[in-house]
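See structure below.
The values are calculated or read from the model by the stated rules, or taken from the named source; none is laboratory data. All of these numbers come straight from a predicted model, not from anything done at the bench. Here Cβ is always computed from backbone atoms with ideal geometry, including for glycine, and neighbour counts include all displayed protein chains. Protein only, heavy atoms only, side chains kept; ligands, DNA and RNA dropped before computing areas. Shrake-Rupley method; radii C 1.70, N 1.55, O 1.52, S 1.80 Å.
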Amino acid sequence: WDVQVVDGWEIDPFDALDPLYLVSLDSLGHVRGTLRLLPTTGPNMLRNVFHCLLPDGLVIESPRIWESSRFSVDLSLPAERSANRLNRVTGELLAGIVEVGMLAGLTHVVSVYDARMARVLKQAGCPADLMGEPRRIGEVMTYAGLFDTDEAMLGRIRAAAGLAGSVLEPETRELAFAA
C-alpha cells in the first residue's frame with residue numbers, strides 16, 4: 001500500500017471522505033497519537049484496498065460498523081505505560097474507538113492491521129474476530145479483524161491501559177453525533 005506524502009503528510013483517497021479522526025493530546029496540546037474512522041457504507045481500506053483479506057464474496061457494509069485505520073502513536077515521545085506495559089496513548093486511542101462507537105450506536109469496528117499490532121491488541125484486552133485468513137502483504141503478516149464496541153470491550157481496554165473513566169473530552173461527548 002503506497003501512501004502519497006505531501007509536505008510531510010501522508011494522504012490517501014480516504015482522507016477526502018470526511019472521516020472522523022481521534023487525536024490523543026498531551027497537557028500542552030501536542031499530538032501523541034491519532035486514528036481515522038470511516039463508515040463501511042462507503043469506500044474504505046478493507047473493501048477497496050485489502051479485500052484479499054476477506055473470504056470470497058464477503059463485504060463488510062453496515063451503518064453500525066465503521067472501519068478504523070491510520071492508527072499511529074508518536075514513539076519518539078516518552079511513553080507512559082500501564083502495569084502490563086501497554087502504552088497509555090495506545091490505550092486511550094483504543095478506548096476512544098469504543099467510546100465513539102457506543103455514542104454512534106455502532107456494534108463493531110473493523111480494521112486491517114499487522115502482526116505487531118495484533119500483539120498490542122492482545123495486550124490491550126482487545127480481541128478480534130478474524131474476518132479471513134491472515135496474509136503476507138509486502139513484508140508484513142496482515143489481518144482483518146472485527147472488534148466489539150460495547151461495555152465489556154471498553155472495560156477490558158481500560159483495565160489493560162490503567163484508565164479510569166472516559167477518554168473523550170466532556171464537550172466532545174455532548175456534541176458527538178448531535179442531530
Can you run the Rg to Rh ratio on region 1-107? Use alpha carbon positions and the Kirkwood inverse-distance Rh.
1.00
Could you tell me the calculated FRET efficiency between Glu133 and Leu77, based on Cβ-Cβ distance and R0 = 25 angstrom, to the nearest 0.05?
0.10
So if I place +1 on the C-beta of Lys and Arg and -1 on the C-beta of Asp and Glu, and nothing else carries charge, what would the dipole magnitude of region 1-142 be about its Cα centre? I want it in debye, nearest 20.
540 debye
Of the accessible area of the chain, with the probe set at 1.4 angstrom, what percent is carbon plus sulfur?
54 percent
Could you let me know the centre-to-centre spacing of region 1-52 and region 95-163, using Cα atoms, in angstrom?
16 Å
When every alpha-carbon pair in region 57-179 is counted, what percent end up more than 18 Å apart?
54 percent
Given 11 as the ceiling on other Cβ atoms within 10 Å, longest exposed-site-free region of the chain for chymotrypsin sites (Phe, Trp or Tyr not before Pro) in DSSP loops
2-176
Pairs of alpha-carbon atoms within less than 8 angstrom and 6+ residues apart define the contacts here; what relative contact order does region 1-110 have, in percent?
25 percent
To the nearest 0.05, the calculated FRET efficiency linking Glu151 and Asp12 through their beta-carbon distance, R0 being 41 Å, is 0.80
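Only four residue types carry charge here, +1 at the Cβ of Lys and Arg and -1 at the Cβ of Asp and Glu. Report the dipole size of region 64-179 about the Cα centre in Debye, rounded to the nearest 20.
The dipole magnitude comes to about 460 debye.
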